[in-house]
Amino acid sequence: MGRLFLIGYERGMTVLGMYSKNPGIVYATPHNTEHIAHVTYVNSGALRQDNRSNIDYFIVTGTLDERVVTEKSVVLHQRDFSPEMADIERKHSINWNIISRFRHLEDTIRNVAIKDIYAHAYGKPRPLEVSNSRKVYSEDIKSEATIKKTRYANIDINGKQTFLPDCILDLNLDFANWCISGISLDGKLSPLNSCDYCYASYKHSGYPNIYHVSKKHLIEQITEAKKERAQKDLSTRYLRLGKRTEAGYDLFYEHILTTLEACLETGISVVFPTKFLQFDKNIAELLKRTDSTLLFSLGNDKFEKGPCLYGRTNNWRIEQAKKFLDFGVRAVPYVLIDAIKENGGHFFSRVLNEAMTFPLVQLIPIKIRQRALANTILGGWQSLIEGQEDDLLGYSCGGYEQSQSHSRLHIDVHTSIKQHIMNNNGCVRMCSHNNNTMWCGKCFMTGENGRIDSIKKVILEKKIQRRKKK
Ligand code: SF4
């Protein structure tokens, strides 16, 4: 989500500002706020009038989601209105779109926006062209975002495998830098709807641009990656589709087919984690021919607002997974769990039980960096890493440690989970790591053995293997 949020105080009201540089972008109204205005202005140093940024303003009406008031939120509006600000509206050709029922707040909106743009433009060159400001009143502010293809999608050779060499994901590919779960049904940016436990949502940006995908270009990139990796004694066999974003959304149907065709021609198998992929025979056929693994990510609808808005509930995903499985695809439920709780903990045990009806299942223990979310899902924050006694609900039982980035990582695995995964090489495997241990199920790739091992040992083994090859 980046630096999207700003809290200012004006005439006793708390005003929230959300920013975008892409024309036509409008933010969906966060919970406990009211949308009061959408403002556009010409950027500092811009040569043309259409080089505009947008700001959506909201008044806060209740308790805000803790993710809105981030450490990066900036309080700018406590300053007084100064004479230098008087010229801002003309200099930046501000256009005002004010929600009709908040017309009475016009002065507040004006003060906040002018101070805001003044602070942002301070010390930067003024726009070269000036035009008259415009003001309109609307019942609702519609998103004008239209999907555009920009550059070609690039294969990324860095990822989890770079720091955890047992992981077999050699290549990664995303079709955009934003995730559909963070976009509302009417095309507005809705970052708080991304899955609460998404590890990449803070990196999402660039909506509504998506990438071009061409088979020729992908084959060239895969060939190049193979050469580059071979020089480091690394094989190149597996590509993860959707490293930071959801690649299975309908918009990317042609992208998916093209990518799978490129993989088929270059002998690459795909690991495809998804919450959005609808059953389709053409995709299924190519997944089979590339000997790929389709991982249907499962969790709890309560924490996955975006996918559920699109009807991609956990039940829907299980249905799609069954259809792919019946077609002969290696479709595997990829189930989020609290690894130290019996049967994955009460938020995930229902879905885990359903997943267990599939021939293959991969478990993924939750790692949490936000305190409030850890409190809700894991039942604690500090208590998780202090090995305290269970309370009456079975919470606060320790079993977690802290990563360098302050995430809570499970140390332990509950006996009920251990009974499922055994040596991690059977039909139920786990993908996880903490500060010392790695559980890798190899995403059920043909001929690969899942394992549980010390991270140090895994890294040492890889070094020795490479030395021997030389
Ligand atoms: S199971 Fe292993 S190969 Fe698959 S994503 Fe996890 S670490 Fe990588």
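The values are calculated or read from the model by the stated rules, or taken from the named source; none is laboratory data. Predicted model only: the values in this text are computed from it and were never measured. Here the Cβ positions follow ideal geometry from the backbone for every residue, glycine too, while neighbour counts run over all protein chains shown.
Quick notes
- Any hit, the range 302-314, residues being touching a Cys at 6+ places or on another chain (Cβ under 7 Å), hydrophobic (A, V, I, L, M, F, W, C), away from the ligand (no atom under 16 Å from the Cβ) and more than 25 Å from Gln161 (Cα to Cα): yes
- Cβ-Cβ distances below 8 Å connect the following pairs, each with a first residue in the range 423-450 that is touching a residue at least 12 places away in the same chain (Cβ under 8 Å), a second residue that is part of a helix (DSSP H, G or I) and surrounded by fewer than 18 Cβ atoms within 10 Å (Cβ to Cβ), and a separation of six or more residues or different chains: His433/Ile455; Asn435/Ile455; Asn436/Ile455; Asn436/Lys456; Thr437/Ile455; Met438/Ile455.
- Scanning the range 169-216 for residues that are among the basic types (Lys, Arg) and either modelled with pLDDT of 90 or more or touching a Phe, Trp or Tyr at 6+ places or on another chain (Cβ under 9 Å) (or both) yields Lys188, Lys215, Lys216.
- Of all residues in the range 268-319 being part of a loop (DSSP other than H, G, I, E, B) and aromatic (Phe, Trp, Tyr), the one that is surrounded by the most Cβ atoms within 10 Å (Cβ to Cβ): Phe276
- Applying the set (1) modelled with pLDDT of 85 or more; (2) not in a loop (DSSP other than H, G, I, E, B) to His31 leaves exactly one unmet item: (2).
- Residue match in the range 212-226 (condition: assigned to a loop (DSSP other than H, G, I, E, B), within 17 Å of Ile256 (Cβ to Cβ) and among the β-branched types (Val, Ile, Thr)): yes
- Scanning the range 132-188 for residues that are within 19 Å of the chain's Cα centre (by Cα), among the hydrophobic types (A, V, I, L, M, F, W, C) and away from the ligand (no atom under 16 Å from the Cβ) returns Ile147, Ala153, Ile155, Phe175, Ala176, Trp178, Cys179, Ile180, Ile183, Leu185.
- Filtered by the rule that a residue be of a type in the set (Ser, Thr, Tyr) and closer than 16 Å to Val15 by Cβ, the range 81-130 gives Thr108, Tyr118.
- Single condition Asp233 does not satisfy, out of (1) outside any loop (DSSP other than H, G, I, E, B); (2) in contact (Cβ under 8 Å) with a residue 60 or more places away in the chain; (3) more than 16 Å from the ligand (Cβ to nearest atom); (4) closer than 30 Å to Ile452 by Cβ: (1)
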